[in-house]
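Trainee: The structure that follows is given in the form of structure tokens.
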Amino acid sequence: MRILITGGTGYIGSHTAVELLNSGYEVLIIDNLSNSNAGVADKIEKITGRKPIFSKTDLCDRSGLKEYFRENKNIDAVIHFAAFKAVGESVQKPLMYYSNNISGMINLLEEMSENKIENIVYSSSCTVYGEADKLPVTEDSPVKKAESPYGFTKQVGEQMLFDASKVSDLHSVILRYFNPTGAHDSALIGELPVGIPNNLVPYITQTAIGEREVLTVNGNDYDTPDGTNIRDYIHVVDLAKAHLSALDRILSRKSSEKAEVFNLGTGKGNSVMEVIKSFEKVSNKKLNYRIGPRREGDVVSIYSETKKANEVLGWKAERDIDNMMLTSWNWQKAISGYKK
Ligand code: UFG
């Protein structure tokens, strides 16, 4: 089977490419390299011993995309990751997010339709649930008004798939990721945040290695056991493996629904302080952190109900928070050339 991964040199895309190649799929990658580099394709080859077929192609360049599909035939399914993903940046630059994430996806879906590619696995986010009324969130929990342009682009992406599936041969699996973290055990691929990280775990590892002075905990006066926010952190390799199950389901037409949604989380919430404690334990380092004010737009707590993914996809997250911290730390040490 030939699978096209858009955004395949990015964080989740590269880990998914590894799992697919290890399972015998032929992997094609397109990426515009706006938040990654072509060297990642070489790392994927180093890990798997197999080469993904890489092309620097931008989904927003319609004629380039057309050309790409003219030259690359017999694609069985697309896994669509390529998108901007920084919540704060999306508030500052909404049109850039709408243009890239929505127009890019329309181009992709239209080209897929013209080339009779009928299967797509879509990278969505738990952000579509906003501040949930009931925890854990199930796939039937209401989709709330988006809190950021980024979140809105994920909601629109999902809706495009629901609507297109009704009137065409398109089959979709929509995966709502919780908080991906961790890195490959080889420490050859991982997350490469550009500039000052927004997300907790890269901020922790950059602080521990000395690239940032101090981590600010965004509030400890929330209504949670230790006062800090709770999230469902999931190891990126577990997440990547879920795409194998999703592909199998869609390619073998196991579902009666043409567009299906799954939450991908561990089902377990960890507070910011628990994440810090786990990091300190596995790295054997004391982290320099301070308690700061709440961050605007943060939901208090969110974690996933995993039953549907466990039972229907036959997939379950296996790695715990300590493993996420350990592999993130090993990755940070590798990219920073840490010698100690
Ligand atoms: N946090 C800190 N200090 C930091 C960074 C983060 O205390 O320096 C806290 C946040 O306030 C939050 C928790 O760590 O309580 C997790 O924050 P992240 O930024 O790592 O993750 P978010 O839950 O905010 O964001 C994630 C994804 C988004 C997605 C969103 C949906 O990164 O893509 O979940 O809620 F949209």
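The values are calculated or read from the model by the stated rules, or taken from the named source; none is laboratory data. Remember, predicted model here, so these are calculated numbers, not experimental data. Counting neighbours? That spans all protein chains shown, and the Cβs are built from the backbone with ideal geometry, glycine included. Quick note on the areas: whole protein, heavy atoms, side chains included, nothing else; ligands and nucleic acids left out. Shrake-Rupley method; radii C 1.70, N 1.55, O 1.52, S 1.80 Å.
Trainee: For the stretch 133-172: of the residues being within 22 Å of ALA77 (Cβ to Cβ) and of a type in the set (D, E, K, R), which is most open to solvent (accessible area, probe 1.4 Å)?
Mentor: Across the stretch 133-172, the extreme among qualifying residues is LYS166.
Trainee: Does any residue in the stretch 212-241 that is touching a residue at least 40 places away in the same chain (Cβ under 8 Å) and of a type in the set (Asp, Glu) come within less than 8 Å, Cβ to Cβ, of a residue that is open to solvent by less than 50 Å² (accessible area, probe 1.4 Å) and within 8 Å of the ligand (Cβ to nearest atom) six or more places away or on a different chain, and which pairs are these?
Mentor: ASP232/CYS126; ASP232/PHE178; ASP232/ASN179; ASP232/ILE302
Trainee: Can you tell me which of (1) within 16 Å of the ligand (Cβ to nearest atom); (2) surrounded by fewer than 18 Cβ atoms within 10 Å (Cβ to Cβ); (3) assigned to a helix (DSSP H, G or I) is the one PRO202 doesn't meet?
Mentor: (2)
Trainee: Across the stretch 173-186, which residue is farthest from the chain's Cα centre (by Cα) among those that are surrounded by 17 or more Cβ atoms within 10 Å (Cβ to Cβ), outside any strand (DSSP E or B) and more than 10 Å from the ligand (Cβ to nearest atom)?
Mentor: Selected residue: HIS184.
Trainee: Could we say that GLU131 is in contact (Cβ under 8 Å) with a residue 12 or more places away in the chain and either within 14 Å of the ligand (Cβ to nearest atom) or in a strand (DSSP E or B) (or both) here?
Mentor: Yes: the conditions hold for GLU131.
Results for (1) out of contact with any His (no Cβ under 8 Å at 6 or more places or on another chain); (2) of a type in the set (Asp, Glu); (3) not assigned by TED's automatic domain parsing to the domain that holds LEU239, shown as yes or no for each residue.
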| residue | (1), (2), (3) |
| --- | --- |
| GLU131 | yes, yes, no |
| SER141 | yes, no, no |
| PHE152 | yes, no, no |
| GLN159 | yes, no, no |
| ASP163 | yes, yes, no |
| VAL167 | yes, no, no |
| LEU175 | no, no, no |
| VAL194 | yes, no, yes |
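Trainee: Another question about this same structure. Go over the candidates ASP248, ASP238, ASP232 one by one and state the one that is away from the ligand (no atom under 12 Å from the Cβ) and in contact with a Ser or Thr (Cβ under 9 Å, 6 or more places away or on another chain).
Mentor: ASP238
Trainee: Follow-up question, since we're still on this one. For the stretch 227-340, which fully contained strands (runs of 3 or more DSSP E) count at least 1 residues that are surrounded by 20 or more Cβ atoms within 10 Å (Cβ to Cβ)?
Mentor: 233-235, 259-264
Trainee: While we're on this one: Would you say GLU89 is more than 21 Å from the chain's Cα centre (by Cα) and either among the hydrophobic types (A, V, I, L, M, F, W, C) or over 28 Å from GLU260 (Cα atoms) (or both)?
Mentor: no
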